[in-house]
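Notes follow once the structure below has been shown.
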Amino acid sequence: MTTYNDIINYFQENESVFNECIEEIDSYNGYLNDSRYYPMEELGLYFSEVDPIELLNRAFYGHDESYHTDEYGQKHYEAFNPNREYFSFNGYGNLVSSDEKDYSGFLDEYFINALIENRGNLYCIDENEELSSMFDDLENENA
């Protein structure tokens, strides 16, 4: 008997599979909204038609995901770093650099349900035997 928690635990232990699934559903229906990570080498593709000053401003007003905490518990982020692996956008459209993709805030029952609802349009589940079996089991229990 597979539960939502079993699938969540599987994704926590297999981060690359989770990242593949969440990015695939995002490509299909925009699940992540503006929270997607992109390879840093693709930065020029997103800004090829943009004034260079705008790109510089987005980097200047952006930040790196690494931070330190001061004595008052306030987070202080480092400056945007183009030497990182990935970039994303913050809520203002400014650039955020990172060496890791962190989609952990999306790993919940809503995400699992979105995968179930869109499974016919996704490949990531059925390409993975263990994951496919867990989703089959969960869907059969809820049928």
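No lab work stands behind these numbers, since they all come straight from the coordinates. Note that the structure is a prediction, hence the values are computed from the model and not measured. Here the Cβ positions follow ideal geometry from the backbone for every residue, glycine too, while neighbour counts run over all protein chains shown.
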query: Per residue, what volume in Å³ does the Cα convex hull of the chain take up?
result: 138
query: For the chain, which span is the longest to avoid every loop-located (per DSSP) member of chymotrypsin sites (Phe, Trp or Tyr not before Pro) having at most 11 other Cβ atoms inside 10 Å?
result: 1-71
query: Roughly how tilted is helix 15-29, in degrees to the nearest 10 and between 0 and 90, from the longest Cα axis of the chain?
result: 90
query: Which net charge results for the neighbourhood of Asn14, defined as the other residues with beta-carbon distances under 11 angstrom from its beta-carbon, given Lys and Arg at +1 and Asp and Glu at -1?
result: -4
task: Could you tell me which of Gln74, Ile8, Leu32 has its Cα farthest along the dipole of the chain towards the positive end, charges placed at Cβ (Lys, Arg +1; Asp, Glu -1), taken about the Cα centre?
output: Gln74
statement: Highest GNM mean-square fluctuation among Asp126, Asp51, Asp102, for the chain with Cα springs under 10 Å, belongs to Asp51
- prompt: When the Debye formula is applied to the Cα atoms of the range 39-101, each taken as the same point scatterer, what base-10 log of I(q)/I(0) results at q = 0.12, 0.15, 0.20 Å⁻¹?
  reply: -0.30, -0.46, -0.75
Rel. contact order, % - alpha carbon contacts under 8 angstrom, at least six apart, the chain: 29
